[in-house]
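Worksheet for the structure shown next.
The values are calculated or read from the model by the stated rules, or taken from the named source; none is laboratory data. Just so we're clear, the structure is a prediction, and the values are computed from it rather than from any experiment. Backbone-built Cβ (ideal geometry, glycine too); neighbour counts: all protein chains shown. Ligands, DNA and RNA are excluded from the accessible area calculation, which covers all protein heavy atoms including side chains. Shrake-Rupley method; radii C 1.70, N 1.55, O 1.52, S 1.80 Å.
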Amino acid sequence: MGLLGGPGKPVPSHAELRAARSRVWGLLIALIFLAVCQLVDWHQSQDVVTGAHGTFPAAFGAGAPVAPERVVRQKTDGEVLVHGLSIQSPGSSVTAVNLRTGKEYWRYERRDTGRVVWSIEASGRTVVAGFGDGRLVAIDLRTGKPLWQVEVHHDEGYRSAELAGGQAVTEAPGAVRAFAERDGRSLWTAKTPKSCPEVLVYTVYVLPDHLSVVPVFCNTSSLKRDEYNLLLGIDNRTGKILWQQRTADPKLTVRADEHTLAAAPDPETDPETVQLLEVNRHGITPRAVISPDAWDTAASGGGIVVSATDFRDGSVDRDTLLRAYAARDGHLAWRLRAPTGQEYGSPQISDGRVYVVRQPSLTDRDVGRRIRTDLLILDAGTGRLLHTLRLPAMTARADGDGFMTLDVRDIADGAVSISWRVEEGGMLIATD
């Protein structure tokens with residue numbers, strides 16, 4: 001039998017053998033530890049996808065929304081209503097809740113907690129969520145399964161995601177980007193002006209002739225550049241910017257009909273006038289001016305613009321008079337004044353109906369009180385009252401200015417969501 005050391009080599013001692021074995025075991029343990037760590041990291045990086053529980057809920061209303069008959073009180077604020085579901089975004093997750101049962105229908109959640117959902121948007125097929133770290137995730141509305149995700153590089157902070165015309169539109173450094181709603185293909189990138197290297201998309205209006213009008217906020221978190229608001233006219237096939245125009249707060253810009261926007265112009269020129277703007281691929285042309293007291297507006301695709309402000313009491317915070325204007329010429333169509341001691345929240349218009357809450361005028365002394373309010377449904381063309389729904393008592397919440405108002409937030413498939421303007425406390429969802 002030969003010696004272990006081999007020809008010309010000394011036989012290893014027992015101590016050397018033990019040391020060699022220790023080194024081998026140490027290497028194996030290190031490799032096992034590394035493999036376990038990678039497995040843990042892989043597991044933690046996987047998103048939670050529950051899939052749909054039960055059958056897809058039927059919408060409350062077939063076609064146009066109808067007068068709600070009952071109210072479901074939600075424990076958390078609903079973000080988007082669509083097809084019998086409330087799409088919510090607590091923390092780093094997106095959850096679909098069945099409005100009829102109040103039970104979770106599906107849930108998508110990122111395991112890397114701290115990546116907060118800043119915005120969600122839904123169509124009849126897709127939910128898109130924008131996370132603060134730049135990830136954009138699309139989820140199938142019926143199944144709850146992710147369709148695609150992309151990483152849009154930018155600094156941490158608020159991000160938006162808008163669904164319009166089969167496209168998911170979001171911001172990127174110095175640009176507005178669009179992805180295909182169902183498969184996430186990059187469709188176009190529109191470069192913003194050099195004076196607007198940081199942009200936040202507010203909404204998207206899809207007009208005829210492949211035109212998307214995108215109101216944006218410029219430089220909202222930059223201390224080195226001036227903040228301003230911009231309307232961009234973009235060819236939604238190529239991303240080419242056809243025109244751009246400064247405007248007032250995009251929150252005061254609404255679509256009135258197929259070719260008309262109602263918008264307050266740049267505050268440096270005329271801060272109180274709301275203009276009706278003819279919009280096409282060539283640019284924007286003022287068509288008419290709405291009365292200067294039309295400070296807070298909402299608009300329908302049916303060609304009616306509704307104002308809910310009355311300056312007679314000396315305050316722009318008390319909306320005591322609803323006025324409706326024709327989008328084509330700005331002429332007054334109808335008006336409706338609230339009873340003494342009452343006011344209106346911000347209205348919404350859908351399928352030819354105006355939805356608005358009428359409530360007592362509240363002050364700081366009313367914080368904590370239970371108040372009674374009504375949801376009014378009006379014919380948008382004539383102002384005729386179609387239906388009144390008494391809402392359950394709500395506890396008045398504190399507001400920085402002392403004015404607490406219930407606004408209609410969303411309308412979809414026979415459901416209407418209502419919450420405090422300060423976005424605190426509960427939300428009511430009225431259904432038929």
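In region 82-166, what GluC sites (Glu not before Pro) fall in a loop by DSSP, with at most 15 other Cβ atoms inside 10 Å?
Counting only loop positions with at most 15 other Cβ atoms within 10 Å, the GluC sites (Glu not before Pro) in region 82-166 are E156.
So if R0 is 51 Å, what FRET efficiency would I241 and R23 give, r being the distance between their Cβ atoms, rounded to the nearest 0.05?
E between I241 and R23, to the nearest 0.05, is 0.20.
Could you calculate the FRET efficiency of K194 with R281 from 1/(1 + (r/R0)^6), where r is the beta carbon distance between them and R0 is 30 Å, rounded to 0.05?
0.80
For a quick check of understanding: with a 1.4 angstrom probe and all protein chains in place, what accessible area in square angstrom does K251 have, to the nearest ten?
So the heavy atoms of K251 present about 120 Å² to solvent.
Determine, from the Cβ-Cβ distance of I371 and V289 and an R0 of 30 Å, the FRET efficiency 1/(1 + (r/R0)^6), rounded to the nearest 0.05.
Given R0 = 30 Å and the Cβ-Cβ separation, E is 0.25.
Quick one: length gained pulling H210 to R328 fully straight, 0.36 nm per residue minus the C-alpha distance?
40.3 nm
For region 175-279, run through the GluC sites (Glu not before Pro) and keep only the ones in DSSP coil with at most 15 other Cβ atoms within 10 Å of their Cβ.
Taking region 175-279 and a limit of 15 other Cβ atoms within 10 Å, the loop GluC sites (Glu not before Pro) found are E227, E258, E268, E272.
Restricting attention to region 329-432, which GluC sites (Glu not before Pro) occupy a DSSP loop and are surrounded by at most 14 other Cβ atoms within 10 Å?
Those satisfying the criteria are E423, E424.
Once ligands and nucleic acids are excluded and a 1.4 Å probe is used, how much of S89 is accessible, expressed in Å² to the nearest 10?
Roughly 30 Å² of S89 is accessible to a 1.4 Å probe.
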